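First the structure, in the form of structure tokens, and then the observations on it.
The values are calculated or read from the model by the stated rules, or taken from the named source; none is laboratory data. Values in this document were obtained by computation on a predicted structure and should not be read as measured data. Cβ atoms come from the backbone with ideal geometry, glycine included; neighbour counts cover every protein chain shown. To get the accessible areas, we keep the full protein, side chains included, count just its heavy atoms, and leave off ligands, DNA and RNA. Shrake-Rupley method; radii C 1.70, N 1.55, O 1.52, S 1.80 Å.
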Amino acid sequence: MIYTRMIGDIRVTNLIEYVGPTHDPAVTFPDFDPSVIERNRDWLTNAHWYENLQRMVIAIQIWIVHAGDKVILIDAGVGNQKRRGAARMNMLNSLVPQWLAAADASFDQVTHVVMTHLHGDHVGWNTVRDGARWVPAFPNARYLIPRTDFQYFQDLHEKNPEADPSFGDSVVPVIEAGLVDFVDDGDVVADCLRAVFAPGHTPGQMNYWLGSDREAAVFSADIFHHPLQITDPHLNTGFCVLPDVARQTRRAFLERVADTGTLIMPCHFGPPHCGFVRRKDGGFAFVPSEPDLPQRY
Ligand SMILES: [Zn+2]
């Protein structure tokens, strides 16, 4: 699916690489308590929870930003033909290249590929297969990588390249091609995105705040994998590298955006894949946002 909305004069599109009821909350969240589902079942519905399967809905999104003459991707999904440990990600053969072109973000059109962090489900389309090699998918783009995450994942890769092959097949080739610029806290990327350090899920994760004329919006990366982490912010995933820092970052983010009208654009929420945070009963609630442009893809 592909959805489009305007944020000020900036066009934002979210392309869903795949979505489905794939995640057992007891596996995803080490501190999961079934009462979390009991308390939230009425609003979770099939957008976020499949009761019969007892699975959370998780999406892989690639966000596309058209701002002036810039065509920007926020994160790069899983990618095709990549060997991955999880069956749902292994050796995909999706139509993402065609979907990107339909959304005016073909391989040749993209000017910036901006990464929030370097987990394998955020870097995959950096590269495509060319025979036995992996080559940059977006030859005209600068690839923007959080510097602290690069140092962390490069170190893991050098110690054991087989543990997670995504750095080798999806990050190293764009480095070797000379297409990478590193991002630090406070940098302005592609003239319209302000990088804000959001560590915890990974040591160098960044959020990117979108500048616009009238509304605030933020690409919130994996501060949340699922809206249950808005109502229950103590829930970390098992993939959060620095658990205590991840909780601090999540709570500070919720305090910052609640009741502000800021559109939250995460990577992994089920439909409609983004929304707002409001205060409720001393905590927080999720309010979904619908796309506002007719789709003609
Ligand atoms: Zn992720």
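When you count, for each residue, the other Cβ atoms within 10 Å and take the mean per peptide, how do 12-18, 252-258 rank with the highest first? Show your work: numbers first, answer last.
On the way: 12-18: 22.1, 252-258: 16.7.
My ranking of the peptides, most packed first, is 12-18, 252-258.
In terms of modelled amide H atoms, which long-range or inter-chain residues lie less than 5 Å from the amide H of residue 263?
The list, which skips near neighbours in sequence, is 216, 217, 218.
Using Cα pairs under 8 angstrom and six or more residues apart, how large is the relative contact order of the chain, in percent?
This gives 18 percent for the chain.
Can you list the HN-Hα couplings for segment 276-287, worked out from phi with the Karplus curve (6.51, -1.76, 1.60; θ = phi - 60°), rounded to whole Hz and with x for Gly and Pro?
Each residue of segment 276-287 in turn: 10, 10, 10, 7, 8, 6, x, x, 9, 10, 9, 10 Hz.
Using θ = phi - 60° and the Karplus curve 6.51 cos²θ - 1.76 cosθ + 1.60, what whole-Hz ³J(HN,Hα) does each residue of segment 127-142 get, with Gly and Pro shown as x?
10, 10, 6, 10, x, 8, 10, 10, 10, x, 6, 10, x, 9, 9, 8
With +1 on each Lys and Arg Cβ and -1 on each Asp and Glu Cβ, and nothing else charged, work out how big the dipole of the chain is about its Cα centre, in Debye to the nearest 20.
Values: 25 positive and 36 negative charges, 77 e Å.
Dipole about the Cα centre, nearest 20: 380 debye.
Based on Cα coordinates alone, diagonalise the gyration tensor for segment 126-223, multiply each eigenvalue by 5, take square roots, and list the semi-axes in whole Å, largest first. Provide the component values of the computation, followed by the final result.
Numbers: eigenvalues 136, 60, 23 Å².
Over the Cα atoms of segment 126-223, the semi-axes work out to 26, 17, 11 Å.
Round to a whole angstrom and tell me the spacing of the C-alpha centers of segment 253-278 and segment 177-222.
About 16 Å separates the Cα centre of segment 253-278 from the one of segment 177-222.
If you find the alpha carbon centre of segment 5-37 and of segment 40-111, how far apart are they in angstrom?
11 Å
Report the rotationally averaged projected area of the chain based on its alpha-carbon convex hull, in square nanometres.
Values: hull surface 58.5 nm².
For the Cα atoms of the chain, the hull's average projected area reads 14.6 nm².
What percent do you get for the relative contact order of segment 120-236 when only Cα pairs under 8 Å and 6+ apart count? List each step's numbers first, then the result.
On the way: 159 pairs, mean separation 23.3, N = 117.
Once divided by the residue count of segment 120-236, the mean separation gives 20 percent.
Tell me the volume per residue, in Å³, of the convex hull enclosing the alpha carbons of segment 64-130. Kindly include the intermediate steps, with their values, before the conclusion.
Values: hull volume 5.7 nm³, N = 67.
Enclosed volume per residue, from the Cα hull, is 86 Å³.
Which whole-number percent of Cα pairs in segment 1-44 have a distance greater than 14 Å?
On the way: 647 of 946 pairs.
Of all Cα-Cα pairs in segment 1-44, 68 percent lie more than 14 Å apart.
Ignoring ligands, DNA and RNA, please state the percent of accessible area on the chain from carbon and sulfur, probe 1.4 Å. Don't skip to the end; give the middle numbers.
Working: 6320 of 12400 Å².
Heavy-atom surface of the chain belonging to carbon and sulfur, 1.4 Å probe: 51 percent.
Quick check on segment 1-153: take the gyration tensor over C-alpha atoms, sort the square-rooted eigenvalues as a ≥ b ≥ c, and tell me if it's rounded (a/c under 1.5), prolate or oblate. All intermediate terms of the calculation are to be shown ahead of the outcome.
Details: a/c = 1.94, a/b = 1.52, b/c = 1.28.
Because a/c hits 1.5 or more and a/b exceeds b/c, segment 1-153 counts as prolate.
Check residue 127: other-chain or 5+ apart residues with amide H under 5 Å from its amide H, H built from backbone geometry?
Close amide H contacts, sequence-distant or interchain: 137.
Nearest 5 is fine: what % of DSSP beta bridges in the chain come out antiparallel, could you say? Walk me through the numbers on the way to the answer.
Working: 45 of 59 bridges.
Counting only bridges with both partners in the chain, antiparallel ones make up about 75 percent.
Quick one: accessible area per residue over the chain, 1.4 Å probe, rounded to a whole number of Å²? Don't skip to the end; give the middle numbers.
Working: 12400 Å² over 297 residues.
With all protein chains present, the chain gives 42 Å² per residue.
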